[in-house]
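J.: Sending over a structure as structure tokens; questions will come in a sec.
The values are calculated or read from the model by the stated rules, or taken from the named source; none is laboratory data. In this text, all values refer to a predicted model and were calculated from it rather than measured experimentally. Cβ coordinates were reconstructed from backbone atoms using ideal geometry, including for glycine residues, and neighbour counts include every protein chain displayed. Accessible surface areas use protein heavy atoms only, side chains included; no ligands, DNA or RNA. Shrake-Rupley method; radii C 1.70, N 1.55, O 1.52, S 1.80 Å.
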Amino acid sequence: MQQRASEAGAGPGSGVLVLAGTPIGDVDDASPRLRAELAGADVVAAEDTRRLRALLQRMGVTTQARVVSYFEGNEAARTGELVEALQGGARVVVATDAGMPSVSDPGYRLVAAAVEAGIRVTSVPGPSAVLTSLALSGLPVDRFCFEGFLSRKAGERSRQLARLTTEPRTMVFFEAPHRTAETLAAMVEAFGAERPGAVCRELTKTYEEVVRGSLAELAAWAAEEVRGEVTLVVSGALEPEADLEGAAAEVAELVAGGVRLKPAVAEVAERSGVARNALYAAALELTRQRKAP
């Protein structure tokens with residue numbers, strides 16, 4: 001079994017890869033550790049170097065680090081160069097435009113390559129648009145899934161949503177403002193007009209807005225121009241109501257065919273989702289009725 005670098009400890013001359021969570025809006029959300037990591041890094045791999053320098057200026061942080069671009073267009077090519085720097089002992093900080101690197105942002109390739117090379121990987125926890133929007137949505141938060149960006153192509157987007165129609169967990173999506181109305185309309189088609197949802201835009205910024213309602217209401221609202229960074233939160237599918245009467249009839253048919261009552265109840269309960277005790281009682285009563293003269 002491969003030993004994790006965090007357990008093994010960094011070898012001689014080995015550097016550290018730091019995934020730095022950056023503010024999603026309000027610069028005051030920047031943690032003291034984020035400031036220290038950016039100030040003390042040997043290399044900062046930034047999704048957008050101009051945005052990084054603007055963030056440093058707003059935070060009042062000065063760094064002597066070598067700042068390089070690391071975005072979707074050059075991520076594959078630059079990963080090897082950054083791994084070499086890490087192997088040479090550099091402390092490399094990855095910072096994307098907002099939120100946690102590798103979550104719908106550059107970073108995954110470098111993490112995978114660093115792990116493969118036995119280099120320690122750590123993170124600076126920071127604000128998350130996923131968790132912030134989920135918490136503000138007013139929808140169930142006990143179980144959720146993050147679906148990132150849907151396809152820009154209508155056909156593929158429809159297929160992606162079709163696969164999620166029975167997903168019981170609350171779903172979180174990222175979306176571009178100019179595609180929000182189109183995506184919500186597609187969600188109405190896939191999930192139904194009455195499915196609850198929320199549109200969260202400009203989180204932690206001056207014009208933060210959370211709009212809650214049915215998908216049909218949200219689609220109508222979004223028909224007007226939507227601006228800013230957008231996160232969509234959609235309620236999961238309701239569990240279908242268990243059909244006790246139908247399940248009891250299935251058990252009775254199995255019993256009539258020679259299956260013992262308890263195994264028949266266990267089989268049908270597993271398949272239908274009906275509570276086993278209730279099903280046993282209902283099936284027993286139905287079996288008795290069918291045997292009665």
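J.: If you go through the stretch 211-231, how many residues are surrounded by fewer than 20 Cβ atoms within 10 Å (Cβ to Cβ), without any contact (Cβ under 8 Å) to a residue 60 or more places away in the chain and at negative phi?
T.: Going through the stretch 211-231 one residue at a time, the tally reaches 10.
J.: Of everything in the stretch 138-154, what is open to solvent by less than 50 Å² (accessible area, probe 1.4 Å), under 17 Å from Glu175 (Cα atoms) and in contact with a strand residue (DSSP E or B) (Cβ under 7 Å, 6 or more places away or on another chain)? Give them in sequence order.
T.: Cys145, Gly148, Leu150
J.: OK, next. Does the stretch 50-58 include one or more residues that are at positive phi and surrounded by fewer than 14 Cβ atoms within 10 Å (Cβ to Cβ)?
T.: The first filter runs over the stretch 50-58 and keeps only residues at positive phi, leaving none.
No, the stretch 50-58 contains no residue that is at positive phi and surrounded by fewer than 14 Cβ atoms within 10 Å (Cβ to Cβ).
J.: Still on this structure, I have one more. Would you pick out the residues in the stretch 55-106 that are of a type in the set (Val, Ile, Thr) and not in a helix (DSSP H, G or I)?
T.: To start, the set of residues in the stretch 55-106 that are of a type in the set (Val, Ile, Thr) comprises 61-63, 67-68, 79, 83, 92-94, 96, 103.
Passing the criteria: Val61, Thr62, Thr63, Val67, Val68, Val92, Val93, Val94, Thr96, Val103.
J.: Looking at Ala98, Ala135, which is the one that is among the small types (Gly, Ala, Ser), free of Cβ contacts under 8 Å to residues at least 12 places away in the same chain and under 26 Å from Leu232 (Cβ atoms)?
T.: After applying the criteria, what remains is Ala135.
J.: Between a residue in the stretch 116-129 that is part of a strand (DSSP E or B) and any residue that is of a type outside the set (Gly, Ala, Ser) and open to solvent by 40 Å² or more (accessible area, probe 1.4 Å), which pairs come within a Cβ distance under 7 Å, given they are 6 or more apart or on different chains?
T.: If the second residue must be of a type outside the set (Gly, Ala, Ser) and open to solvent by 40 Å² or more (accessible area, probe 1.4 Å), the pairs left are Val121/Val115; Val124/Arg33.
J.: Quick one: in the stretch 2-33, of everything that is charged (D, E, K, R) and modelled with pLDDT under 50, which residue is least open to solvent (accessible area, probe 1.4 Å)?
T.: Among them, the one singled out is Glu7.
J.: If you go through the stretch 238-284 one residue at a time, how many are among the acidic types (Asp, Glu), in contact with a helix residue (DSSP H, G or I) (Cβ under 8 Å, 6 or more places away or on another chain) and assigned to a helix (DSSP H, G or I)? Give the steps one after another, and end with the answer.
T.: Here is the first cut: in the stretch 238-284, the residues among the acidic types (Asp, Glu) are 239, 241, 243, 245, 250, 253, 267, 270.
So of that shortlist, the ones also in contact with a helix residue (DSSP H, G or I) (Cβ under 8 Å, 6 or more places away or on another chain) come out as 243, 245, 250, 267.
Still in the running and assigned to a helix (DSSP H, G or I): 245, 250, 267.
Count: 3.
J.: Can you tell which of Ser158, Ser151 is more than 14 Å from Val230 (Cα to Cα) and in a helix (DSSP H, G or I)?
T.: From the options Ser158, Ser151, the qualifying one is Ser158.
J.: Which one is least open to solvent (accessible area, probe 1.4 Å) among residues in the stretch 71-118 that are of a type in the set (Val, Ile, Thr) and more than 30 Å from Gly25 (Cβ to Cβ)?
T.: If we take residues in the stretch 71-118 being of a type in the set (Val, Ile, Thr) and more than 30 Å from Gly25 (Cβ to Cβ), then Val83 is least open to solvent (accessible area, probe 1.4 Å).
J.: Sticking with this structure for a sec: Going by what's in this entry, would Arg157 be described as surrounded by 13 or more Cβ atoms within 10 Å (Cβ to Cβ), farther than 18 Å from Ser214 by Cα and basic (Lys, Arg)?
T.: Values: surrounded by 13 or more Cβ atoms within 10 Å (Cβ to Cβ): yes; farther than 18 Å from Ser214 by Cα: yes; basic (Lys, Arg): yes.
Against the criterion (surrounded by 13 or more Cβ atoms within 10 Å (Cβ to Cβ), farther than 18 Å from Ser214 by Cα and basic (Lys, Arg)), Arg157 qualifies.
J.: Taking the condition of being touching a residue at least 24 places away in the same chain (Cβ under 8 Å) and either in contact with a His (Cβ under 6 Å, 6 or more places away or on another chain) or not hydrophobic (A, V, I, L, M, F, W, C) (or both), how many residues in the stretch 154-178 meet it?
T.: Going through the stretch 154-178, the residues touching a residue at least 24 places away in the same chain (Cβ under 8 Å) turn out to be 154, 157-158, 161-162, 164-178.
Adding the requirement that they be either in contact with a His (Cβ under 6 Å, 6 or more places away or on another chain) or not hydrophobic (A, V, I, L, M, F, W, C) (or both) leaves 157-158, 165-170, 175, 177-178.
Adding up the residues that qualify gives 11.
J.: Please identify the pairs in which a residue from the stretch 262-285 that is among the basic types (Lys, Arg) has its Cβ atom under 8 Å from the Cβ atom of a residue that is crowded, with 18+ Cβ neighbours inside 10 Å and assigned to a helix (DSSP H, G or I), counting only partners at least 6 apart or on another chain.
T.: So the pair list comes out as Lys262/Tyr280; Arg276/Val265; Arg276/Ala269.
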